[in-house]
1. Report, by residue number, each residue of region 142-159 that is in a strand (DSSP E or B) and either closer than 21 Å to Pro43 by Cβ or in contact (Cβ under 8 Å) with a residue 40 or more places away in the chain (or both).
2. Here are some conditions: (1) among the hydrophobic types (A, V, I, L, M, F, W, C); (2) open to solvent by 20 Å² or more (accessible area, probe 1.4 Å); (3) in a strand (DSSP E or B). Ile131 meets all but one. Which one does it not meet?
3. Of (1) buried (at least 22 other Cβ atoms within 10 Å of the Cβ); (2) under 16 Å from Val197 (Cα atoms), Gly159 satisfies all except one. Which?
4. If we scan region 121-131, do we find a residue that is over 27 Å from the mean Cα position of the chain (by Cα), within 16 Å of the ligand (Cβ to nearest atom) and modelled with pLDDT of 85 or more?
5. Could you tell me whether Leu88 is more than 16 Å from the ligand (Cβ to nearest atom), open to solvent by 30 Å² or more (accessible area, probe 1.4 Å) and in the same structural domain as Ile178 (by TED's automatic domain parsing)?
6. One residue is enough: does region 103-116 have a residue meeting the conditions more than 24 Å from Leu415 (Cβ to Cβ), within 16 Å of the ligand (Cβ to nearest atom) and either polar (S, T, N, Q) or open to solvent by 20 Å² or more (accessible area, probe 1.4 Å) (or both)?
7. Can you give me the number of residues within region 177-194 that are within 30 Å of Phe62 (Cβ to Cβ) and away from the ligand (no atom under 12 Å from the Cβ)?
8. Would you confirm, using the coordinates I've provided, whether Ile534 is modelled with pLDDT of 85 or more and farther than 25 Å from Tyr286 by Cβ?
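The values are calculated or read from the model by the stated rules, or taken from the named source; none is laboratory data. On a predicted model such as this, the values are computed, not experimentally measured, just so you know. Positions of Cβ are backbone-derived with ideal geometry, glycine not excepted, and every protein chain shown enters the neighbour counts. Heavy atoms of the whole protein, side chains included, go into the accessibility calculation; ligands, DNA and RNA do not. Shrake-Rupley method; radii C 1.70, N 1.55, O 1.52, S 1.80 Å.
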Amino acid sequence: MIASTFISLLAFPLVTAFYLPGTAPRDYQEGEKIDVFVNTLTPMLNSKLHSLISHDYYDERFHFCQPEGGPIKQPESLGSILFGDRILTSPYEINMMENSTCKLLCQSSVPKEDSKFINDRIKEDYGLNFIIDGLPSSEMKRDLKTNEIFLDAQGFNLGDDETIPDKPALNNHYDIFIQYHLKEGYHSLKQFRVVGVLVYPRTVNSMISGSNSPDCFNTQPLYLSEATNNEFYYTYSVSFIPSDIPWGLRWDAYLHVFDPKIHWFSLINSLVIVGFLIFMVAMVLYRTISKDISRYNAIDLSEDVQEDYGWKLVHGEVFRLPPRPMLLSVMVGNGTHLIMMCIVTLIFALFGFLSPSNRGSLATVLLICWTLFGCISGYVSSRTYSTLGGNQWKSNLILTTILFPIIIFSLIGLLNLILIFNNSSGSIPFGTILAILLLWFLISAPLSILGYFYGMKIGSFKNHSSQQQQINSIPRQIPLIKPFYLKIFNSILIGGILPFGAAFVELYFVLSSLFGNRAYYAFGFLFLTFLIYILTISTVTILFIYFTLCSEEYRWHWRSFLIGGGSAFWLFIYGIWYWISRLSFDSFTSVILYFGYLFLFSLLDFLIGGSIGYIATYFAIRRLYSSIRVD
Ligand SMILES: *[C@@H]1O[C@H](CO)[C@@H](O)[C@H](O)[C@H]1NC(C)=O
């Protein structure tokens, strides 16, 4: 009892990460018009996801009803555009507190050429998305596990292809339920606030010959014929339903976390992994080594020092310049940049600054952090480079600033081209691309250069106090590594699976909400998971490098980066598994897009993990070798 109360107390901020309302409430008088905005059509994740391409609501092939004078674009934040929102006005007429039934929206005609397009989209489970008073249209659902009622905002079906398989019916009638909250103002002035929006679509062949008004209660569904042109009505009904949810809590019903138990289970599971690893590292680094050190330092100098074994033998080698120090420092710099971006964004999310009512705020904050933390990539790269003993600082500066941004921009640009060729509304508009390029060129890149010079001024990470970093003039011979787990490829695989294992349940939820077009809210869990991920990578890499050094293989620089980034390999494999089990794309384009994004995420994960591994190992090794006495 006490334990469960404690857990639910703890869980509260973790689950919902309380949010600050992004906008002021809007009070409506009776009869005042409520705007209905339409967003893109997105594929819905029911049992499987069929596509990754979203379509503009006013894509000509859909023939949806247009407002008089044409639809008008609504202003949106950069992040909202990046996440695929395209919000436009619509011809729906909804007035506060005025119920209506079977209102005619317009008569639509779909030529036979476009019927196939619409029918295919129905088969792919596309959903419509309305936005009313800032709230997404949703369906009321019951979580079968917890029996809780929640609002699922992943859109409502364009059509129905389940009642009769292979015979898709178009949903041309919408029952819109608006939950309102009554607020008595001064002089008993009644004011109403919208606190929930539910839309239930259905298909009805409402055009009856001999009548010129729609019949919304006809029991026949509407099928679009691909042989002849189609004429039919779009209709809607509106009901206002009183609700006692106050305006300030109206998002709560949307912030449903599926299976909080599984989040907890995964978190505890990861904590066990990381606890075990930290224990191992503590054992190794503080008991074995301190014993080693005292024995080593106590050696009578007359004794034969050649009897030494293990990591101490390579003290003259560990700080030898690794191959390609340039690339290594550039990667560590850019990786650290990404780590800082993730951490600060997660902290923002944790404190509720990323309110769901501010559409796209997550992407906006990510973008801002990425821009401002450009200085970190320069700073870390220059200090790492000089630690490694590099001296071509001009090339290093240029590569740090442009290499990975250009790789990532080109990849995104390529995927964007594919989207444009497919007429998807998910493609990033030219203005947004320009804005991002300017952000990079005018703010991020100069900050990176500034950070680089500041890092140069401070110099390397070496501590200058001791002679520990002396390097033998002749490189030692490296014996063949015996244990199989220390072979480079094996250690990447083994080292990578632990951080991946610590994070993958949360990753599953992030992916589901990303593909299900649902916002993700369990930022508390995500933050803790990220911390555990960092700890796991650091400890695993240190352990592996320690054992490697013990077997007298001293080339640890790249090894530590690769082992740290090993989770990227598993991420990619997991992506393939997710594709096989949860996604069933009908078009080859979606497959290409999916693998493009998967590759991009794996690359970012590789940079992040590799940098964590390298930095953690560097400081562990420095600590390790500064504690022994070198003659
Ligand atoms: C509108 O319809 C709903 C349910 O259909 C009903 O509860 C409500 O009282 C009606 N409101 C008005 C203003 O007629």
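1. Step one: list which residues in region 142-159 are in a strand (DSSP E or B), which gives 142, 149-152, 156-157, 159.
Of everything in region 142-159, those that are in a strand (DSSP E or B) and either closer than 21 Å to Pro43 by Cβ or in contact (Cβ under 8 Å) with a residue 40 or more places away in the chain (or both) turn out to be Ile149, Phe150, Leu151, Asp152, Phe156, Asn157, Gly159.
2. (2)
3. (2)
4. The answer is no; no qualifying residue exists.
5. Numbers: more than 16 Å from the ligand (Cβ to nearest atom): yes; open to solvent by 30 Å² or more (accessible area, probe 1.4 Å): no; in the same structural domain as Ile178 (by TED's automatic domain parsing): yes.
The answer is no for Leu88.
6. So the first thing to find is which residues in region 103-116 are more than 24 Å from Leu415 (Cβ to Cβ), and the list is 103-116.
Right, trim to within 16 Å of the ligand (Cβ to nearest atom) and you get 103.
From the residues that got through so far, the ones that are either polar (S, T, N, Q) or open to solvent by 20 Å² or more (accessible area, probe 1.4 Å) (or both) too are 103.
Looking for residues that are more than 24 Å from Leu415 (Cβ to Cβ), within 16 Å of the ligand (Cβ to nearest atom) and either polar (S, T, N, Q) or open to solvent by 20 Å² or more (accessible area, probe 1.4 Å) (or both), one finds at least one in region 103-116, hence yes.
7. Total satisfying the criteria: 1.
8. Numbers: modelled with pLDDT of 85 or more: yes; farther than 25 Å from Tyr286 by Cβ: no.
The answer is no for Ile534.
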